[in-house]
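Peer 1: Mind looking over this structure? Questions follow.
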Amino acid sequence: MVDIWNSLTGVVPIKKFTDRKSATGRIWKQIQHLTPTPAPESPQAAPKKAKAAKATTPENGAPTAREGSKKAQVLDLLRRPEGATLSDIMTATGWQAHTVRGFMAGTLKKMGVEAESFRGEDKVRTYRVAS
């Protein structure tokens, strides 16, 4: 607090305050007399453009993903007749299990894709796009 006090203009520098309460009171009283200076506007400040809406589906209504992206890889796995297990998706994308489950619950839902989850005879959780 001494550094703050000594950095103010028009004050007598000190070495220490008697206590914290008096320090905050004196500093507060001194800064009440300061007048704010407006921030200079940068010459390059231009109005921000609105972002263009992203197209998530083409005219036929099928969900899209950028070619070769992890989203596209997962969708290809889910479109197989046998679907894809959690470990299949983890291996293909390098994601952890909680990321795959989040993708299934969130991203697919936003894309309007309905995925079904079931357990096969081997008791392994499998996901596929609902047909």
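The values are calculated or read from the model by the stated rules, or taken from the named source; none is laboratory data. Quick caveat, the model's predicted, so the values are computed rather than measured. Note: ideal-geometry Cβ built from the backbone for every residue, glycine included; neighbour counts use all protein chains shown. Accessible surface areas use protein heavy atoms only, side chains included; no ligands, DNA or RNA. Shrake-Rupley method; radii C 1.70, N 1.55, O 1.52, S 1.80 Å.
Peer 1: When region 89-126 is examined, which residues are found to be touching a helix residue (DSSP H, G or I) at 6+ places or on another chain (Cβ under 6 Å) and buried (at least 17 other Cβ atoms within 10 Å of the Cβ)?
Peer 2: Matches in region 89-126: ILE89, THR93, VAL100, ALA115.
Peer 1: If you don't mind, another one. Going residue by residue through region 49-69, is there one that turns out to be open to solvent by 100 Å² or more (accessible area, probe 1.4 Å), assigned to a loop (DSSP other than H, G, I, E, B), at pLDDT 80 or above and more than 30 Å from VAL2 (Cβ to Cβ)?
Peer 2: There is at least one residue in region 49-69 that is open to solvent by 100 Å² or more (accessible area, probe 1.4 Å), assigned to a loop (DSSP other than H, G, I, E, B), at pLDDT 80 or above and more than 30 Å from VAL2 (Cβ to Cβ).
Peer 1: Need pairs with beta-carbon distance below 6 Å; first residue without any contact (Cβ under 8 Å) to a residue 60 or more places away in the chain and within region 1-18, second small (Gly, Ala, Ser); sequence gap 6+ or separate chains.
Peer 2: MET1/ALA23; PHE17/ALA23
Here is a yes/no grid of residues against (1) in contact with a Lys or Arg (Cβ under 9 Å, 6 or more places away or on another chain); (2) at pLDDT below 85; (3) open to solvent by less than 70 Å² (accessible area, probe 1.4 Å):
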| position | (1), (2), (3) |
| --- | --- |
| MET1 | yes, no, no |
| ILE4 | no, no, no |
| THR9 | no, yes, no |
| VAL12 | no, no, no |
| ASP19 | no, no, no |
| LEU34 | no, yes, no |
| PRO38 | no, yes, no |
| PRO43 | no, yes, no |
| PRO47 | no, yes, no |
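Peer 1: Still on this structure, please answer the following. Which of the residues that make up region 109-131 are of a type in the set (A, V, I, L, M) and either touching a residue at least 24 places away in the same chain (Cβ under 8 Å) or in contact with a His (Cβ under 7 Å, 6 or more places away or on another chain) (or both)?
Peer 2: The answer is MET111, VAL113, ALA115, VAL124, VAL129.
Peer 1: Here's something else I'd like to know. Can you pull out the residues in region 78-88 that are open to solvent by less than 30 Å² (accessible area, probe 1.4 Å) and on the phi < 0 side of the Ramachandran plot?
Peer 2: Correct list: LEU78, ALA84, THR85.
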